[in-house]
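A quick write-up on the structure given underneath.
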There are 2 protein chains.
Amino acid sequence: MPKRPNGQRLLSSACSPLSEPTPPTVGAIEAGGTSLRCVVASSLEELSGATVLEVPTTTPEETLDFVARFFRPFTQQGAVNTIGIASFGPLDRANFTISETTPKVLWRGVNWHHELHARLGNLSVALETDTNAAVLAEVHHGSAKGARVAAYLTIGTGIGGGIAVEGAPLRGLGHPEIGHLLIGRVPGDTQPSLCPFHHDCLEGLISGPAIVERFGATASKLEANHEGVELISHYLAVACANVTTMIGPECIVLGGGVMENPHLLQRTREKTAELLGGYLPQHQLRDASLDTIVAPHFPHSGLVGAWLLAAALQ
Amino acid sequence: MPKRPNGQRLLSSACSPLSEPTPPTVGAIEAGGTSLRCVVASSLEELSGATVLEVPTTTPEETLDFVARFFRPFTQQGAVNTIGIASFGPLDRANFTISETTPKVLWRGVNWHHELHARLGNLSVALETDTNAAVLAEVHHGSAKGARVAAYLTIGTGIGGGIAVEGAPLRGLGHPEIGHLLIGRVPGDTQPSLCPFHHDCLEGLISGPAIVERFGATASKLEANHEGVELISHYLAVACANVTTMIGPECIVLGGGVMENPHLLQRTREKTAELLGGYLPQHQLRDASLDTIVAPHFPHSGLVGAWLLAAALQ
């Protein structure tokens, strides 16, 4: 993958969006905790082969200037007037703002609508959490396709979750915050939580950085028989079991960097079935859970979801 | 309250449905683990003052014969041709059947549709879990009125939960099974779980019978400073915190016999706020949770919900 100055990467150049775009063409941004991606496409098919700009998520100023430089050729021509954003959170979605409790300290209070307008002029903007956008992509076109109720968890720098009900994102008082589910620790686990709010939440126990603190290595480096695989998959299974008993999803998609460990998905499936203990047999959950917990279809589900949200505004 | 033979009780006789009912008149059944209630009414107003038959939930034959005797005068006249049922579960709702995993052993496999048809002839039947029916009643006309996302937990002989999203019951692979949320035990709590499936689920830890096992008294008998109030409200708060982080309900209604203890509701509110630790301040959850967790408006929310479901079929 070609490296560009300042950490910019072009993830794919199968199709250049700089050639004349076919309307309705919309833009999409996936803002993750460590990197941010931008794309422009006029259809899902075009999206899958489109040039994606990826930049590190540094300061809002620097990162958003990259974003503006990517979109400006399209917005100046009037080829793009709608951008969908899948952003890390928590969000105050009604006000297009990143919450003051986000662990990304520099981004506290950043207003997506304001920042994009200031740089790119008048635009329609759709904002959703990265994980709600991701579950939309997966439920409409990916691994969870057709599920009436589906959940998406991303286990990475942070842990986030999205829920789709009948094809729409679930939005209650806020958005799902599955990373902050309180999880009973296994006996003897005295590792300090990395979450500043909760002693025992999923994110505090097994986010990427928590795994490095525990085992001195990233999840991707842990072998099948490493104690970390057992512990991480146990805590993931408690979360999956609780998602299952609370909302009965037909599909739980597990994404994020931690899930790049090749052993975690299957161990989490097995442990979830063990924890559910054969309850709900009318749904054959013990068997079904082996298929219910799946990997994402899209490498960047949030980006696809952001694109879908923007396209829906057209 | 007048006692009648065989445990039958008339809960109210403010208005007798035996006088000429005004169409559309529908029937409703709330089948709980210990007692079952029937009512007939032509409006919500009439429902609130209507005669309710309450019988113990014994064998299906005996209990359903009481039900049939109550409804037959209406169905024979053609005054009632629709009955809504809010039933204990788990249910195989598509097949109108009580699941084989219900702890009510005698009721395993009972088919509501079949049993009512066999006794009362051709009827339209709406079936929902008792807790999904309850949350519908509370969200449309009760304590959770207007909440886009609301949850109802009943803490009694068993622990059940229902969720409403945009006014409709949430139904995924099954129905919500909040009673089987896995809950981390407090250090030193070695009390065996009363749930045959789960070592650490909410129902196994603090259902009515589990409370009696733990403290030798029903929850209603525990004083404010009793250790049981602390323990029960802690486990309830973990459940409420996890319901909050997962689905962000604007209202959590806590009903059931255990909640008749006058100290539990407020302690659960306080502990939920403590456990959430000030996260999600954009929603002022610490303050809002004091109002978010509430008692049911209706003494029998499930019965009202069953009536609403039947009325919706008209």
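The values are calculated or read from the model by the stated rules, or taken from the named source; none is laboratory data. Not measured: the values here are computed from a predicted model. Here the Cβ is made from the backbone with ideal geometry for all residues, glycine too, and neighbour counts use every protein chain on show. The protein model used for the area step is the full one, side chains on, heavy atoms only, and it has no ligands, DNA or RNA in it. Shrake-Rupley method; radii C 1.70, N 1.55, O 1.52, S 1.80 Å.
Numbers for the structure displayed
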| quantity | calculated |
| --- | --- |
| Matching strands (runs of 3 or more DSSP E) fully within region B:23-90 where at least 2 residues are under 25 Å from B:Pro176 (Cα atoms) and either open to solvent by 30 Å² or more (accessible area, probe 1.4 Å) or without any contact (Cβ under 8 Å) to a residue 60 or more places away in the chain (or both) | B:35-41 |
| Filtered residue count, region A:219-237, keeping only those that are surrounded by fewer than 20 Cβ atoms within 10 Å (Cβ to Cβ) and not in a helix (DSSP H, G or I) | 4 |
| Single condition B:Thr154 does not satisfy, out of (1) within 14 Å of chain A (Cβ to nearest Cβ); (2) open to solvent by 10 Å² or more (accessible area, probe 1.4 Å); (3) among the polar types (S, T, N, Q) | (1) |
| Condition broken by B:Leu173, with the remaining ones in (1) more than 11 Å from chain A (Cβ to nearest Cβ); (2) assigned to a loop (DSSP other than H, G, I, E, B); (3) surrounded by fewer than 23 Cβ atoms within 10 Å (Cβ to Cβ); (4) of a type outside the set (Lys, Arg) satisfied | (1) |
| Every residue from region A:108-126 that is in contact (Cβ under 8 Å) with a residue 24 or more places away in the chain and within 14 Å of chain B (Cβ to nearest Cβ) | A:Val110 |
| Residues of region A:180-200 that turn out to be surrounded by 21 or more Cβ atoms within 10 Å (Cβ to Cβ) and facing chain B (nearest Cβ under 8 Å), as a count | 5 |
| One residue from A:Gly184, A:Gly160, A:Gly84 being at pLDDT 95 or above and closer than 26 Å to B:Arg148 by Cα | A:Gly84 |
| Any pair with Cβ under 9 angstrom, 6 or more apart, that starts in region B:247-268 at a residue that is more than 10 Å from chain A (Cβ to nearest Cβ) and ends at one that is among the charged types (D, E, K, R) and assigned to a helix (DSSP H, G or I) | B:Val253/B:Glu138; B:Gly255/B:Glu138; B:Asn261/B:Lys221; B:Arg267/B:Glu230 |
| Hits in region B:97-121 - residues which are at pLDDT 95 or above, in a loop (DSSP other than H, G, I, E, B) and either at positive phi or of a type outside the set (A, V, I, L, M, F, W, C) (or both) | B:Arg108, B:Gly109, B:Gly121 |
| Output for region A:124-138, where each listed residue is over 17 Å from A:Gly89 (Cα atoms) and open to solvent by 10 Å² or more (accessible area, probe 1.4 Å) | A:Ser124 |
| Number of the condition not met by B:Leu91 [criteria: (1) out of contact with any Asp or Glu (no Cβ under 9 Å at 6 or more places or on another chain); (2) aliphatic (A, V, I, L, M); (3) modelled with pLDDT under 95] | (1) |
| Any hit, region B:99-113, residues being basic (Lys, Arg) and closer than 30 Å to A:Gly248 by Cβ | yes |
| Residues satisfying the stated conditions in region A:201-218, i.e. in a helix (DSSP H, G or I), farther than 29 Å from B:Leu173 by Cβ and open to solvent by 10 Å² or more (accessible area, probe 1.4 Å) | A:Gly208, A:Pro209, A:Val212, A:Glu213, A:Arg214, A:Phe215 |
| Enumeration of residues in region A:157-167 that are more than 13 Å from A:Gly256 (Cα to Cα) and surrounded by fewer than 24 Cβ atoms within 10 Å (Cβ to Cβ) | A:Glu166, A:Gly167 |
| Odd one out for B:Arg93, checked against (1) within 14 Å of chain A (Cβ to nearest Cβ); (2) out of contact with any helix residue (DSSP H, G or I) (no Cβ under 6 Å at 6 or more places or on another chain); (3) open to solvent by less than 50 Å² (accessible area, probe 1.4 Å); (4) among the charged types (D, E, K, R) | (3) |
| Residues (at pLDDT below 95, open to solvent by less than 10 Å² (accessible area, probe 1.4 Å) and assigned to a helix (DSSP H, G or I)) located in region A:248-272 | A:Thr272 |
| Boolean, A:Val139 is in contact (Cβ under 8 Å) with a residue 40 or more places away in the chain, out of contact with any Gly (no Cβ under 9 Å at 6 or more places or on another chain) and hydrophobic (A, V, I, L, M, F, W, C) | no |
| Yes/no for A:Arg148 being crowded, with 17+ Cβ neighbours inside 10 Å and within 12 Å of chain B (Cβ to nearest Cβ) | yes |
| Hits in region A:173-214 - residues which are of a type in the set (A, V, I, L, M) and over 22 Å from the mean Cα position of the chain (by Cα) | A:Val186 |
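For (1) farther than 20 Å from B:Gly27 by Cβ; (2) of a type in the set (Ser, Thr, Tyr); (3) out of contact with any Phe, Trp or Tyr (no Cβ under 8 Å at 6 or more places or on another chain), each residue gets a yes or a no:
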{"position": "B:Ala50", "(1), (2), (3)": "no, no, yes"}
{"position": "B:Glu54", "(1), (2), (3)": "no, no, yes"}
{"position": "B:Thr59", "(1), (2), (3)": "yes, yes, yes"}
{"position": "B:Thr63", "(1), (2), (3)": "no, yes, yes"}
{"position": "B:Thr75", "(1), (2), (3)": "no, yes, yes"}
{"position": "B:Ile85", "(1), (2), (3)": "no, no, no"}
{"position": "B:Asp92", "(1), (2), (3)": "yes, no, yes"}
{"position": "B:Val105", "(1), (2), (3)": "yes, no, yes"}
{"position": "B:Val110", "(1), (2), (3)": "no, no, yes"}
